1. Using Cα positions and a limit of under 14 Å, work out the aspartates and glutamates in reach of K43, with same-chain residues fewer than 8 apart set aside.
2. Return a whole-number percent for the relative contact order of the stretch 120-176, with Cα pairs under 8 Å and 6 or more residues apart as the contact set.
3. Find the relative contact order for the stretch 68-176 and round it to a whole percent, using C-alpha pairs within less than 8 Å whose residues are 6+ positions apart.
4. For the stretch 162-176, what does the Karplus curve 6.51 cos²θ - 1.76 cosθ + 1.60, with θ = phi - 60°, yield as ³J(HN,Hα) per residue in whole Hz, taken in order and with x for Gly and Pro?
5. The stretch 66-148: percent of C-alpha pairs farther apart than 18 Å?
6. Rounded to the nearest 10 Å², what accessible area does L170 have for a 1.4 Å probe in the complete protein model?
7. In whole angstrom, how far apart do the alpha carbon centroids of the stretch 27-81 and the stretch 89-159 sit?
8. Using only the Cα atoms of the stretch 125-176, what semi-axes does the equivalent ellipsoid have when each is the square root of 5 times a gyration tensor eigenvalue? Give whole Å, largest first.
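The values are calculated or read from the model by the stated rules, or taken from the named source; none is laboratory data. Just so we're clear, the structure is a prediction, and the values are computed from it rather than from any experiment. Cβ sites come from the backbone with ideal geometry, for glycine too, and all protein chains shown count toward neighbours. We work out accessible area using only protein heavy atoms, side chains counted, and drop any ligands, DNA or RNA first. Shrake-Rupley method; radii C 1.70, N 1.55, O 1.52, S 1.80 Å.
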Amino acid sequence: MRRAFSVALTTAVLSGGIVFSTAAPAAAGCIDTGTYYSIINKKTTWKPTNVHSDWAKPGVTISYAKNKTGTWTATGTATVGADAGVIFAKASTSFSVAVGKSWAQSDTWTYSATVQKKKGKTRGRLMMYHEAKSFTAHKYRVVTGAGGGCKTKTIYKANITAPVKKNSNLWGIQYK
């Protein structure tokens, strides 16, 4: 029995089969410490711009033709402050389309539509909507927790809606 154990132990040691485990010192800690950003809760949305016709009553066909610069600016960026550039770059990669703090496009906009009767609404106008990406920017820090494991600490979560940089618009009737 003793010989069998000795042969098994010698074979295991020579083949590298035994691993001795010692506790890592607490100071070694988490390897991936640092500050990180993630883009979560992603969706596409359409936001009204500054390009619109005058108001009209139901039944009236509105024609809109005007040379104007359409604009729309991101919302929710106050929380991220100096991180905005990093957040927009990360969001652009995440959505596979360039997003930014603002969008502006000069063009001659020409559209027409008829205002429909809507319950509780007395008027409508042609409105240009611009494509935007809505998301939550999560900035967090990975630190060494108790026992040496990784622990995350949220620095902030900011809800942001940012316009796409390309000229991606949708026309519709806005009712009031």
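1. Cross-link targets: E131.
2. The normalised contact order for the stretch 120-176 reaches 52 percent.
3. Result for the stretch 68-176 is 36 percent.
4. So the J values, rounded to whole Hz, are 10, x, 6, 6, 6, 7, 10, 10, 9, 9, x, 9, 9, 9, 9.
5. Working: 2139 of 3403 pairs.
Counting every Cα pair in the stretch 66-148, those more than 18 Å apart make up 63 percent.
6. Near enough 80 Å² of accessible area.
7. So the separation of the two Cα centres works out to 4 Å.
8. 43, 11, 6
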